Amino acid sequence: MKVFLIGGRNIAYHLARRLLNKGYQVVLVNKDEKLNEGLAKRLKKAIIITGDGSKRHVLEQLEITSKDLFVALTPNDQDNLVASLIAKRVFGIENPLALINDPDNEAAFKKLGIGTTVSPTNILAQAIEERIFKEQITNLIPSFEQIAVFQIEMEEQSPAVGKRVMELAIPRESVIGAIIRAGEAIIPRGDTIIKSGDKLIVLSKPTVQSSVFESLLGEV
Amino acid sequence: MTMPVLNKKKSKGLYIVIFGCGRLGSGIANWLSSKGNSVVVVDRREEAFSSLSFEFTGFTIIGDATELDTLETAKVEKADVVLALTPDDNTNIMTALISKEYFEVPRVIARVYDPNNIDMFSEFGVEIICPTLLAVKEIQNTLGFIGGDEG
């Protein structure tokens, strides 16, 4: 099995270095000849090809098989889409990986059969949001846009402490699915009383998450 | 599958979105607009719209065809026809595929210079116009008297 990395500068270099260290065969395809000379010096064991990796005639010369891994890393979504479609339809690679620059394109890529995508913009946006959240909040499933799952830790002064679940003013588009109390999981009912130190597992629509935090923790 | 007819006069005309306002895009936009269709032209560069003629009565949008937001702004989901005519093959392919598969536009036509990809993208139901192949055919016709094959 070989790993084909199409485009990408620093990401391609660091990925290649890591994969080579783990003993994989790595092929880098890049348009920029100068860049490739530099890469060739730094990555002695990699195969480096100069060419446009979103062009079928270039890819056809690389002896790609359906067992290989294919990763499209260029800064252009259109090139990543075309490259991974060729990988899938011409070479039979089941799950080519495509980098997506405009996160909105993710759904469109999926519809076209490219289901495995990575969006640096999304990853950074999540990392930034994590910093905006208070310490007591942990985002349990960071990658979903349709549903948010949080673990929220109750403190002495949290407004929800001492109340029954049915009394909480959380939005209708949210629910407390479980409470972790002293290492045990409790499935809460309406009359379950929230205690300090409880970790609430909360499901909500992302659009109402800030009001969920507000009603459980106070000002956010 | 029913195919909308492009110059069906008198009736309200079709809603047509054109990506790329170069020589081809602007020419087609002028023509379609003068035939009574509602035309929206999208280009990254504002200067590109200067090649639209006085006959053009449609709208222009400055935007990148590779951003889904641009397609939404251009109301591609309501389009009868989408034409992807930017200078970049992959941009045209992506815009065309997304218009077809994601926004379910009935008729999608893309200009693609590289003849290699035509079969693959035709499978999605996108019509591909390949200037390279058209030129090859034209030259073959012109030179037809030299070759033996009358085809």
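The values are calculated or read from the model by the stated rules, or taken from the named source; none is laboratory data. None of these values were measured; they are calculated from a predicted model. Every residue, glycine as well, gets a Cβ built from its backbone with ideal geometry; the counts of neighbours run over all protein chains shown. Just the protein is used for accessible areas: all its heavy atoms, side chains included, with ligands, DNA and RNA removed. Shrake-Rupley method; radii C 1.70, N 1.55, O 1.52, S 1.80 Å.
Taking the numbered list (1) more than 25 Å from B:E67 (Cβ to Cβ); (2) open to solvent by 50 Å² or more (accessible area, probe 1.4 Å) in turn, A:L168 passes all entries but (2).
Selection within segment A:59-81: residues that are within 21 Å of the chain's Cα centre (by Cα) and facing chain B (nearest Cβ under 10 Å). The member of this set that is most open to solvent (accessible area, probe 1.4 Å) is A:N76.
For segment A:110-163, give me every one of the strands (runs of 3 or more DSSP E) that falls completely inside it and has 2 or more residues that are assigned by TED's automatic domain parsing to the domain that holds A:T74.
By residue number, A:116-118.
Just wondering, is there one or more residues in segment B:59-79 that are in contact (Cβ under 8 Å) with a residue 60 or more places away in the chain, buried (at least 20 other Cβ atoms within 10 Å of the Cβ), within 12 Å of another protein chain (Cβ to nearest Cβ) and part of a loop (DSSP other than H, G, I, E, B)? The answer is no; no qualifying residue exists.
To keep it simple, each residue is scored yes or no on (1) part of a helix (DSSP H, G or I); (2) surrounded by fewer than 17 Cβ atoms within 10 Å (Cβ to Cβ); (3) at pLDDT 95 or above; (4) assigned by TED's automatic domain parsing to the domain that holds A:I86.
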residue: A:G8; (1), (2), (3), (4): no, no, no, yes
residue: A:I11; (1), (2), (3), (4): yes, yes, no, yes
residue: A:A16; (1), (2), (3), (4): yes, no, yes, yes
residue: A:G23; (1), (2), (3), (4): no, yes, no, yes
residue: A:V26; (1), (2), (3), (4): no, no, yes, yes
residue: A:V29; (1), (2), (3), (4): no, no, yes, yes
residue: A:A40; (1), (2), (3), (4): yes, yes, no, yes
residue: A:K44; (1), (2), (3), (4): no, yes, no, yes
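Select from segment A:171-190 the residues that are part of a loop (DSSP other than H, G, I, E, B) and either open to solvent by 50 Å² or more (accessible area, probe 1.4 Å) or under 16 Å from A:I137 (Cα atoms) (or both) and list them in ascending order. Give the steps one after another, and end with the answer.
So in segment A:171-190, the residues part of a loop (DSSP other than H, G, I, E, B) come out as A:171-173, A:182-183, A:187-190.
A:R172, A:E173, A:A182, A:G183, A:I187, A:R189 - these are the residues of segment A:171-190 that are part of a loop (DSSP other than H, G, I, E, B) and either open to solvent by 50 Å² or more (accessible area, probe 1.4 Å) or under 16 Å from A:I137 (Cα atoms) (or both).
B:P87 falls short of the stated requirement of being more than 11 Å from chain A (Cβ to nearest Cβ) and under 25 Å from A:G113 (Cβ atoms). Taken over segment B:90-110, the criterion of being buried (at least 23 other Cβ atoms within 10 Å of the Cβ) and in contact with a helix residue (DSSP H, G or I) (Cβ under 8 Å, 6 or more places away or on another chain) is satisfied by B:N90, B:T91, B:I93, B:M94, B:T95, B:A96, B:L97, B:I98, B:S99, B:V105, B:V108, B:A110. Within segment A:108-121, the set of residues being within 14 Å of chain B (Cβ to nearest Cβ), open to solvent by less than 60 Å² (accessible area, probe 1.4 Å) and not aromatic (F, W, Y) comprises A:A108, A:L112, A:G113, A:I114, A:G115, A:T117, A:S119. Checking each residue in segment A:49-58 for being at the interface with chain B (Cβ under 10 Å from one of its Cβ atoms) and part of a loop (DSSP other than H, G, I, E, B) picks out A:D52, A:S54, A:K55.
Checking B:I93 against (1) more than 14 Å from every other protein chain (Cβ to nearest Cβ); (2) of a type in the set (A, V, I, L, M); (3) in a helix (DSSP H, G or I), only one condition comes out false. Which one? Looking at each condition in turn, B:I93 falls short on (1).
Pairs please, first residue from segment B:16-37 and under 11 Å from B:F49 (Cβ atoms), second anywhere and in a loop (DSSP other than H, G, I, E, B) and among the charged types (D, E, K, R), Cβ atoms under 9 Å, 6+ apart in sequence or on different chains. These pairs meet every condition: B:C21/B:R45.
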